[in-house]
Amino acid sequence: MTTEFLSLLCLGLCLGYEDEKKNEKLPKPSLHARPSSVVEARSNVTLKCQAPSKNVTFILRKVNDPGYKQEQFSTEDEAEFHFTDLKLKDAGSYFCAYKTTASHEWSESSEYLQLVTTDTRTIFVAIFSCISILLLFLSVFLIYRCSQHGSSPEESTKRISHSKVSEQEAAEADLSRMERVSVSTADPQGVTYAELNINALSEAASDTTQEPPGSHEYAAVKV
């Protein structure tokens, strides 16, 4: 009976140890990219997930993409996930996990790995577009400055000629105003200076045409 009791005790301890081992949380693996996490489109890259134990099943997942999943069993402590002919949609954040043959749950997730995919053609087109817009802006600015510089002498000549014409018109207006004032100015009796001048000239002419006194008597005596 003692032997049976010891056997049951050993079996219970073994089962408890197995259960404890199954419920044990596995440490998180590491994830790296080869040759680099920043690669050009249509090239190849490898994501390598490494665990602290061997004979494990690895899984690779993508952040914000629940449907993406790659599983791989490895007798070693690492697994490689190959990407060929990369596309822009392959860029994103990746992480991996693993589980052993004795565990039923996945380990903690690895640190996120940001995979960046660049396209040199897109970069070239963007740079060329920026340079074209800059050159167009400079051309418009230079044309505007040249047009302003070329039209400035003509505008100054027009302004000078316009000012001269305005001054001449003002002088003529002042002269005509003075003439009207001199002509329209009258003495207290209502006779204008022009009429006075005309009357004076008429009287002078009439005086010169009259004969001197005694001219008829002198002619009769002589006869």
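Tabulated data
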read-out: Full-extension gain in nm, Gln168 to Thr120, via 0.36 nm per residue minus C-alpha separation; value: 10.1 nm
read-out: Trypsin sites (Lys or Arg not before Pro) restricted to DSSP loop in region 76-116 with at most 15 other C-beta within 10 Å; value: Lys87
read-out: Estimated dipole of region 25-65 in Debye, rounded to 20 [Cβ of Lys and Arg +1, of Asp and Glu -1, Cα centre]; value: 180
read-out: Exceeding the 27 Å Cα-Cα cut-off - candidates Lys54/Lys87; Lys25/Lys87; Lys54/Lys89; Lys28/Lys87; Lys25/Lys62; value: Lys54/Lys87; Lys25/Lys87; Lys54/Lys89; Lys28/Lys87
read-out: Region 29-111 - charge dipole about Cα centre, Lys and Arg +1 at Cβ, Asp and Glu -1, debye rounded to 20; value: 200
read-out: Extended-chain gain in nm, criterion 0.36 nm per residue less alpha-carbon gap, Thr101 and Thr84; value: 3.1 nm
read-out: Accessible surface of region 26-72, 1.4 Å probe, proportion on carbon and sulfur as whole %; value: 45
read-out: Theoretical gain in end-to-end length, Arg42 to Tyr144 [0.36 nm per residue, Cα-Cα removed]; value: 32.1 nm
read-out: Cα→Cβ-extended label distance, 7 Å offset, between Lys25 and Leu135, nm; value: 6.1
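The values are calculated or read from the model by the stated rules, or taken from the named source; none is laboratory data. As the structure is a computational prediction, the values presented were derived from the model and not from experiment. Here Cβ is always computed from backbone atoms with ideal geometry, including for glycine, and neighbour counts include all displayed protein chains. Remember, those area values only see protein heavy atoms, side chains included, never the ligands or the DNA or RNA. Shrake-Rupley method; radii C 1.70, N 1.55, O 1.52, S 1.80 Å.
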